[in-house]
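In what follows, a single structure is set out as structure tokens and then discussed.
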Amino acid sequence: MSTEVATPTPQKQNLRREWAPAALRKAGALPALVVVLILGSALSPFFMTVDNIRNVLGLASIIGLLAVGQGFVIIAGGAGIDLSIGATVALAAIVGAKMAPYGPVGVIVGALLTGLFVGTINGLGIAFGRLQPFIITLGTMTIATGAAFFLSGSNPIRLRGDNALKWLSTDLFGIPVPVIVFVLTVAIAQIVLSKTVFGRQIYVLGGNEEAAHFAGIPVVRHRMTVYMISGLCAGMGALVLMSRLQTADPAYGRGYELAAIAAVVVGGAPLTGGVGTIRGVAVGVLIIQFITNILDLLNVNPYIQAMVQGLILIAVVALNRRGSATSVQALKRSVPLICGLALGAILLFGLPH
């Protein structure tokens, strides 16, 4: 009785070689999130507690809303970036608080319209004025910051006990409402990007603006729309932040724009545009928030925290560039970098502070 051993054909071998990188690319930043969760569980007994997870998700919902809008801007390409969203959060919160005498609707409409207004200014300048996104959003960031301090008299505005945003700080079926708002926003944004004509045209626009123009895509209108979406998301972030702290402060939002950009990049959307998903952005937000939480639980010096976060961002971008290659060999070359990053993190976290 003879036994035949099947020999894989060259085509099957090629499929096997390509399966691993294809699966990794499809998974995006999710494996990195799993590594962060395992690392956090190993380093702190409080990491996986219900209260800690709720706290992290609550903070992630605020940055996450901003990151969703930033995701649209970056995926649309054209060197797109929105530096004004942090200042827009502060201005939208102050305007919303000023509208409190008009009731709950006044607060919500005031904050959302303020965000939409700043986004529209950015969109007009970039789409019609052909100004560089970095320059005009830097300008509106400065203007919004000044306006927030001017309107508030440089003082925080305390919301009344019966304010309109109480429902935003409660739970629904045991889940914080801000987290539900964030998840719904991510789901809607993902559907818009992946299932609608507008979404598909955004990817084409981000990949090649000239080709999008010759294909009949309304480049100017879409370019303006993504900045309006970003401003509106900043207004939503302001409402969630106000509900959490019960205060509108002109100092809100400092550094939020950089956190949102980092989340988009970590989530797999390069700054060159044309690539990325909103669900990837959401994973990027969670990675950054959980890393920050781990550092807080370990009482790591805030200055060192900033250094670690910067190093992680650089490493993730480097890995994303390597991960874009189609060969297994490219991924193998990333292993030393991953091991070096993990070893550095263990040494750093293990040091007494």
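The values are calculated or read from the model by the stated rules, or taken from the named source; none is laboratory data. Everything numeric here is computed off the predicted structure, so don't read it as measured data. All Cβ positions, glycine included, derive from the backbone under ideal geometry; neighbour counts span all protein chains shown. Note: areas computed on protein heavy atoms with side chains; ligands, DNA, RNA excluded. Shrake-Rupley method; radii C 1.70, N 1.55, O 1.52, S 1.80 Å.
Points to keep in mind about this one:
- Other-chain or far-sequence residues with amide H under 5 Å of residue 247's (modelled H): 159
- Looking at the range 58-200, the accessible area is 44 square angstrom per residue; that uses a 1.4 Å probe and ignores ligands, DNA and RNA.
- Under 5 Å between amide hydrogens, built in the peptide plane, is the criterion, and for residue 77 it picks out 274 among residues at least 5 positions away or on other chains.
- The modelled label-to-label distance for the pair residue 197/residue 254, using points 7 Å beyond Cα in the direction of Cβ, is 4.7 nm.
- Of the solvent-accessible surface of the range 80-198, computed with a 1.4 Å probe and all protein chains present, 76% belongs to carbon and sulfur.
- Solvent exposure of the range 220-266 as accessible area per residue, Å², 1.4 Å probe: 30
- What the phi angles of the range 226-234 give under the Karplus curve with 6.51, -1.76 and 1.60, with θ = phi - 60°, is a coupling list of 5, 6, 5, 4, 4, x, 5, 5, 5 Hz, glycine and proline written as x.
- Per atom type, the range 265-315 shows carbon and sulfur on 70% of its accessible surface, probed at 1.4 Å.
- The stretch between residue 135 and residue 49 holds 26.6 nm of extra length on full extension. This uses 0.36 nm per residue minus the Cα-Cα distance.
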